[in-house]
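So the structure is just underneath, and the comments pick up after that.
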Amino acid sequence: MSTAYITHSDCLGHVTPPGHPERVARLESIETRMSDPAFDALIRHEAPRAELNVVHACHPATYADRIAAAIPEMGMVMLDSDTHVSPGSLDAALRAVGGNLLAVDLVLSGAVQNAFVATRPPGHHAETETAMGFCLFGNVALAAKHALDHHGLSRVAVMDFDVHHGNGTQDLLWDEDRTLFISTHQMPLYPGTGQASETGAHGNVINIPLPPHSGGSEMRAAVTEQIIPALDAFNPELILISAGFDAHRDDPLAQLDWDTTDFEWITRRLCEAADRLCQGRVVSTLEGGYDLDALAASVAAHIAVLMEQ
């Protein structure tokens, strides 16, 4: 079996202000690393552009239309203090959605064992009717809904190891009893959500806050003692990963002390769980990570483990 790598040049057209951490160079740094011969075996696909109505699976039409209407013909528009759109932003966001849906299709059809979606803008902060935290649409939540509603799955797990809590994914899946959402994240930190007491409408949310300056050992304990047992109990048919790499010690936006080997380790544990529970079926998508060197190295380590499976 093989690993799909899904991206599109339109995702470079989502331009943010100078100095903004979620910038075009993030994807460029990953693309440079993926040119290494070690990644020649990846099955490369261009992310299709989803139709706007596809996002209605998680977001109301009024919200989707509001985002589309906010896209400027030139320059930039600020949706909130962190989230900006430029003329290419809608195309980029719909490529991110389409790339995630394609990844689910490829993995569930058996065409590939697993997939990594290298797109931007990210998605895990986008709530039902609110763009925030650099995010416009809930890419991973939409992928979960696609697997459930279009492929007929009964149980989909989402693991979010971005350093920031995936408040958007939690919001979009809060009432969805066919999903299990698990998040490790630094607390306190933006967006301020993600207390352990937030457990979803059906006990389908598990939040594991980590203290500032904690490192890989604390994460590894959480995975071993909480996350793997929860996945085993839920018995998913597919595991989705919100792969943020901003828990790296060099990241400028947070204060966790993971290193590249920690991202390799957590990826391997999730893949082992997928092998045991759901025929190895994993779809991972890029979320955060803002130090370019740390991002490229961590993504490479993550994908290398996917390719091993």
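Where does the charge balance sit around Ala57 when Lys and Arg score +1, Asp and Glu -1, over other residues with C-beta under 11 Å from its C-beta? Show your work: numbers first, answer last.
Working: positive: Lys145; negative: Asp149, Glu176.
Taking every Cβ under 11 Å from that of Ala57, the sum is -1.
Could you tell me what percent of the DSSP beta bridges with both partners in the chain are antiparallel, to the nearest 5? Don't jump to the answer; show the numbers that get you there.
Values: 4 of 39 bridges.
The answer is about 10 percent antiparallel.
Taking the Cα centre as origin and putting +1 on Lys and Arg beta-carbons and -1 on Asp and Glu beta-carbons, what dipole magnitude results for the range 3-308, to the nearest 20 debye? Don't jump to the answer; show the numbers that get you there.
Numbers: 17 positive and 41 negative charges, 90 e Å.
Here the size comes out at about 440 debye.
Taking a virtual spin label 7 Å from the Cα of Glu308 along the C-beta vector, which residues in the range 97-121 bring their backbone nitrogen under 11 Å of it?
In the range 97-121, the label zone of Glu308 (backbone N under 11 Å from the point 7 Å along Cα→Cβ) covers no residue.
Running a GNM on the chain with Cα contacts under 10 Å, which residue among Asp171, Asp246, Asp293 ends up with the highest mean-square fluctuation?
Sorting by GNM fluctuation, first place goes to Asp293.
Mean-square fluctuation check for the chain, GNM, Cα pairs under 10 Å: which of Ala69, Ala230, Ala147 is largest?
Fluctuation is largest for Ala69.
Label-point separation (nm) for Met74 and Glu46, each offset 7 Å from Cα along Cα-to-Cβ?
Result: 2.8 nm between the two label points.
With Cβ to Cβ distances under 10 Å as the rule, what net charge do the other residues near Leu277 carry (K, R +1; D, E -1)?
-1
Of [x] 13.5; [y] 15.9; [z] 14.5, which one was derived for mean projected area of the Cα convex hull in nm² from the structure shown?
Computing mean projected area of the Cα convex hull in nm² and matching it to [x] 13.5; [y] 15.9; [z] 14.5 gives [x].
Would you kindly derive the ³J(HN,Hα) couplings of the range 8-25 from the backbone phi angles with the Karplus curve 6.51 cos²θ - 1.76 cosθ + 1.60 (θ = phi - 60°), listing them in order in whole Hz, with x for Gly and Pro?
7, 5, 4, 6, 7, x, 7, 9, 10, x, x, x, 6, x, 8, 10, 3, 4
Could you work out [θ]222 nm for the chain from helices alone, using -39500 (n - 2.57) per DSSP H run of at least four and dividing by all its residues? Round to the nearest 500 deg cm²/dmol. Display every interim value, and only then the final one.
Numbers: 9 runs with 109 residues, N = 309.
When only DSSP H runs of four or more count, the value is -11000 deg cm²/dmol.
Tell me, what HN-Hα J-couplings in whole Hz come from the Karplus equation 6.51 cos²θ - 1.76 cosθ + 1.60 at θ = phi - 60° for each residue of the range 280-289, using x for Gly and Pro?
The phi angles translate into x, 7, 9, 10, 10, 9, 5, 10, x, x Hz.
Check which residues have an amide H placed less than 5 Å from Gln255's amide H, if you skip close sequence neighbours.
Here the answer is His213, since their amide H atoms fall under 5 Å of that of Gln255.
Take each of the peptides 156-163, 235-242, 59-66, average the number of other beta-carbon atoms within 10 Å over its residues, and list them starting from the highest. Walk me through the intermediate numbers first.
Working: 156-163: 27.2, 235-242: 24.0, 59-66: 15.9.
With the highest mean Cβ count within 10 Å placed first, the list reads 156-163, 235-242, 59-66.
Which residue, Gln170, Gln186, Gln195, tops the fluctuation ranking in a GNM of the chain built on C-alpha contacts under 10 Å?
Per the Cα network of the chain with a 10 Å cutoff, Gln195 tops the list.
Taking H placed 1.01 Å from N in the peptide plane, check which residues at least 5 places from Ile241 or on another chain put their amide H under 5 Å from its amide H.
Met159, Val283, Ser284, Thr285
Compute the distance in nm between two label points, each set 7 Å from the Cα along the Cα-to-Cβ direction, one at Asp149 and one at Asp65.
So the two model labels end up 1.8 nm from each other.
Would you order Arg268, Arg276 from fewest to most other beta-carbon atoms within 10 Å of each residue's own beta-carbon? Don't jump to the answer; show the numbers that get you there.
Details: Arg268 17, Arg276 13.
Final ranking by Cβ density, sparse to dense: Arg276, Arg268.
Any idea what the relative contact order of the range 3-308 is, in percent, if you count C-alpha pairs under 8 Å spaced at least 6 apart?
Working: 701 pairs, mean separation 57.9, N = 306.
It comes to 19 percent, rounded to a whole number.
Treating each Cα of the range 35-110 as an identical point scatterer and ignoring solvent, apply the Debye formula and state log10 I(q)/I(0) at q = 0.14 Å⁻¹.
With one equal scatterer per Cα and no solvent, log10 I(q)/I(0) is -0.60.
No value in this document is a laboratory result; all are computed from the given coordinates. Predicted, not measured: the structure shown is a model, and the values here were computed from it. No Cβ is skipped: glycine too gets one built from the backbone with ideal geometry, and neighbour counts run over all protein chains shown.
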